[in-house]
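The values are calculated or read from the model by the stated rules, or taken from the named source; none is laboratory data. Since the structure is predicted, the reported quantities are computational estimates derived from the model, not experimental observations. Backbone-built Cβ (ideal geometry, glycine too); neighbour counts: all protein chains shown. Quick note on the areas: whole protein, heavy atoms, side chains included, nothing else; ligands and nucleic acids left out. Shrake-Rupley method; radii C 1.70, N 1.55, O 1.52, S 1.80 Å.
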Amino acid sequence: MVDNAVSFNCTNCAAPLEIRAQGASQVVACGHCGSVLDAQDPRHQILSRYQSKFTRKPTLPIGRRGTIKGETFEIVGYLERQTRYYGITYDWAEYLLWNPYKGFRWLVEADGHWTFLTTLPNPPKERR
Ligand SMILES: [Zn+2]
């Protein structure tokens with residue numbers, strides 16, 4: 001697989017950052033200061049800032065490559081998500097995977113369970 005990561009320093013805090021999936025990435029988030037930077041702008045201007053940083057360390061680091069169902073993917077993004085339902089808070093992590101020939105996939109981690117997701121090219125149609 002081609003390594004097309006681009007290294008630069010965060011425009012806000014100077015932490016070392018990498019843009020993975022160069023050309024397909026729209027933004028890159030700095031895990032050190034919470035800034036969201038324009039991945040397509042050569043000056044990497046700050047688009048927004050989050051007040052909170054990551055609350056937990058990813059189980060799998062960004063940049064790690066692995067094989068799922070016979071295909072090699074690289075972790076190019078990480079999200080922490082949370083929802084509240086009937087007074088109970090549920091949280092989970094989502095890893096964005098990339099293969100230049102296969103596109104993007106998602107790997108979701110929740111309570112020690114892992115789910116591999118493929119985005120549908122078209123929304124399902126309702127049958128009546
Ligand atoms: Zn930063």
Selection within segment 19-39 - open to solvent by 80 Å² or more (accessible area, probe 1.4 Å) and at pLDDT 90 or above: none
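Collect the residues in segment 1-18 that are within 10 Å of the ligand (Cβ to nearest atom), of a type in the set (Gly, Ala, Ser) and open to solvent by 40 Å² or more (accessible area, probe 1.4 Å), keeping them in residue-number order. Explain how you work it out, then say what you get.
As a first pass, look at segment 1-18 and keep what is within 10 Å of the ligand (Cβ to nearest atom): 9-17.
Now narrow it down to the ones that are of a type in the set (Gly, Ala, Ser): 14-15.
Within segment 1-18, just 14 meets the criteria.
Can you work out which of the residues in segment 69-91 that are among the hydrophobic types (A, V, I, L, M, F, W, C) and open to solvent by 60 Å² or more (accessible area, probe 1.4 Å) is nearest to residue 23 (Cα to Cα)?
So in segment 69-91, the residues among the hydrophobic types (A, V, I, L, M, F, W, C) come out as 73, 75-76, 79, 88.
Next, only the ones that are open to solvent by 60 Å² or more (accessible area, probe 1.4 Å) stay: 79, 88.
Details: 79: 20, 88: 39 Å.
Among them, the one singled out is 79.
Against the definition (hydrophobic (A, V, I, L, M, F, W, C), open to solvent by 80 Å² or more (accessible area, probe 1.4 Å) and either within 16 Å of the ligand (Cβ to nearest atom) or free of Cβ contacts under 8 Å to residues at least 40 places away in the same chain (or both)), how does residue 46 come out, yes or no?
no
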Boolean, residue 94 is more than 15 Å from the chain's Cα centre (by Cα), away from the ligand (no atom under 14 Å from the Cβ) and surrounded by 12 or more Cβ atoms within 10 Å (Cβ to Cβ): no
